[in-house]
1. Determine the pairs where a residue that is under 22 Å from residue 35 (Cβ atoms) and hydroxyl-bearing (Ser, Thr, Tyr), located within region 387-413, has a partner that is open to solvent by less than 30 Å² (accessible area, probe 1.4 Å) and in a helix (DSSP H, G or I) with Cβ atoms under 6 Å apart, the partner being 6 or more residues away or on another chain.
2. Considering only region 15-54, how many residues are hydrophobic (A, V, I, L, M, F, W, C) and either open to solvent by 40 Å² or more (accessible area, probe 1.4 Å) or under 24 Å from the mean Cα position of the chain (by Cα) (or both)?
3. Can you run down the residue pairs with Cβ atoms below 9 Å, 6 or more apart or on separate chains, where the first is in region 251-271 and closer than 27 Å to residue 299 by Cα and the partner is acidic (Asp, Glu) and not in a loop (DSSP other than H, G, I, E, B)?
4. Can you confirm whether residue 301 is charged (D, E, K, R), within 18 Å of residue 255 (Cβ to Cβ) and either over 31 Å from the mean Cα position of the chain (by Cα) or open to solvent by less than 40 Å² (accessible area, probe 1.4 Å) (or both)?
5. Just the residues that are of a type outside the set (Val, Ile, Thr), under 21 Å from residue 76 (Cβ atoms) and in contact with an Asp or Glu (Cβ under 9 Å, 6 or more places away or on another chain), please, taken from region 393-435.
6. Test of understanding: among 342, 347, which residue is surrounded by fewer than 19 Cβ atoms within 10 Å (Cβ to Cβ), outside any helix (DSSP H, G or I) and among the aromatic types (Phe, Trp, Tyr)?
7. Give the residues of region 434-472 that are modelled with pLDDT of 95 or more, of a type outside the set (Asp, Glu) and within 22 Å of residue 406 (Cα to Cα), sorted by residue number.
8. Looking for something in contact (Cβ under 8 Å) with a residue 24 or more places away in the chain, under 23 Å from residue 260 (Cα atoms), in a helix (DSSP H, G or I) and not charged (D, E, K, R) - is there at least one such residue anywhere in region 431-438?
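The values are calculated or read from the model by the stated rules, or taken from the named source; none is laboratory data. From a predicted model like this one, the values you see are computed outputs, not experimental measurements. With ideal geometry, Cβ positions are generated from the backbone for all residues, glycine too; neighbour counts draw on all protein chains shown. Side chains included, ligands, DNA and RNA excluded: accessible areas come from the protein's heavy atoms. Shrake-Rupley method; radii C 1.70, N 1.55, O 1.52, S 1.80 Å.
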Amino acid sequence: MTDATMTDLIESIRGLVGANGILTGDDVSGRPDSWPPMGGCQAIAIVRPRNTDEVAAVLRLCHQHGQAVVTHGGVTGLVGGAKAGSSELVLSLERMNRIEPVDDVNRTVTVEAGAALQKVQEAAQAAGLLFPLDLGARGSATIGGNIATNAGGNGVIRYGMMREQLLGLEAVLADGTVISAMNNVIKNNTGYDLKHLFAGSEGTLGVITRAVLRLRPLPRSQSTALVAIDSFDKLGQFLRAMDSALGGTLSAFEVMWNDFYSLIIGDGSRHLAPLDSSHPFYVLLEATGGDAEKDPERFQDALQKAFDDGLAADAVVAQSKQQRNDLWQIRDDVEALFAKLFPPIAFDISLSIQRMDTYVREVRDRLARQWPDGKMVAFGHLGDGNIHLVISVGSMEEEAVHAVDKMVYELLGQHQGVISAEHGIGLVKRPFLHHSRSEEEIALMKTIKTAMDPKNILNPGKILDVTNQEKR
């Protein structure tokens, strides 16, 4: 596209969204398009529509011109899914953040895609209900982004991934067609469940604009403990014992390897150490239920039984909401983690619990051989088979990052693991998709992509390497 044509396109878009609906120049480059921020956004412009009609009009115009579009939510992803090149437009949903009144009878809430996760949680809680998706970036991550990446987080062991919280959605296709599948009931077996095409698609099949979310009863009890475990074998046994003893109320089982716990606690200036750092594993355990009197007793009894059986070495139980928050802040302090391991290379993987300990040891050993000064920590949602590795080798040069990626994913493939549990594929993991998906699966994904976006204008290059079909 020539400069003159691009200028005309920008002015046409300005006419659709208004003067405040489009940013150019320093207003674009002053914004990040990755996390942690690695320089400013390189896009031609950032378009900020106010509603679905404006999204549809913008996409219709971009489709006519073959103009690539990258959708932005909270820009908290770690796989380059929001990276925009110098010839691409960004479509930011930041102004589409409305939350409709909660339907407390059907236990649903309808929200626009730009609504922050935390705002939705607060709206549900104000109505005496719970939106169970939760993750460390809750204050800035958006519902649209959560759907587009099929986010997981801390409560998957009980409530499932984002797909399980999604009843209906509205999305705009590449050509501006609006797909309104705003279903608000749990059971709907009327043909293809189209909302699941968009969940996990990372903006490559359409732009999610609104969603109907499923809410749950607000728990009347909440019991939280940090538990030290002295071996990985005991860790698995402890998970089974607590899940059984707590009778379906186990809502979080977050594991921190000693390297993570010791690094975050540090000298105690940021977090006081609730337990000493001599143990190989620490579990942040939480149960939520419906009986404020009996549930804490059952939680204490289950912990005591774990001690009696030799599964737990030490523990501290939160006695107040503040103590509970203090424990979670240790687990959620990704900002401190990335600062101490800067520049960080983050991994979000899944594999069977039986293979986790061996796999982490193999990665640690290989890292020490290839990068003697390299550092690594491990932590994650062990209860649902998801762990995070954060590695630093002192460089974010493409060659170094690719070498670390290759090491991590090749070893993971030997253990039949999955390269992305909840962060998505984006640009970063695309070269390694074959470790988790067969040739036939990838071919089918490409068929769906080219059918829905034949000009390849929606987040091109993310997840799949797809050629613009109309230029063949």
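1. The qualifying pairs are 409/432.
2. Quick first cut of region 15-54, residues hydrophobic (A, V, I, L, M, F, W, C) only: 16-17, 19, 22-23, 28, 35, 38, 41, 43-47.
Now drop any that are not either open to solvent by 40 Å² or more (accessible area, probe 1.4 Å) or under 24 Å from the mean Cα position of the chain (by Cα) (or both), which leaves 16, 19, 35, 38, 41, 43-44, 46-47.
Number satisfying all stated conditions: 9.
3. 251/286; 252/134; 252/286; 253/243; 253/286; 253/384; 254/286; 271/326
4. Details: charged (D, E, K, R): yes; within 18 Å of residue 255 (Cβ to Cβ): no; either over 31 Å from the mean Cα position of the chain (by Cα) or open to solvent by less than 40 Å² (accessible area, probe 1.4 Å) (or both): yes.
No.
5. Let us first name the residues in region 393-435 that are of a type outside the set (Val, Ile, Thr), namely 394-400, 402-403, 405-407, 409-417, 420-424, 426-427, 429-435.
If we keep only those that are under 21 Å from residue 76 (Cβ atoms) as well, we get 396, 405, 420-424, 426-427, 429-430.
Correct list: 420, 421, 422, 423, 424, 426, 429, 430.
6. Working: 347 fails: surrounded by fewer than 19 Cβ atoms within 10 Å (Cβ to Cβ).
After applying the criteria, what remains is 342.
7. Step one: of region 434-472, the residues modelled with pLDDT of 95 or more are 439-464.
Those left that are additionally of a type outside the set (Asp, Glu): 442-452, 454-464.
Of everything in region 434-472, those that are modelled with pLDDT of 95 or more, of a type outside the set (Asp, Glu) and within 22 Å of residue 406 (Cα to Cα) turn out to be 442, 461, 462, 463, 464.
8. Quick first cut of region 431-438, residues in contact (Cβ under 8 Å) with a residue 24 or more places away in the chain only: 431-433, 435.
Keeping just the survivors that are under 23 Å from residue 260 (Cα atoms) gives none.
Checked region 431-438: no residue is in contact (Cβ under 8 Å) with a residue 24 or more places away in the chain, under 23 Å from residue 260 (Cα atoms), in a helix (DSSP H, G or I) and not charged (D, E, K, R).
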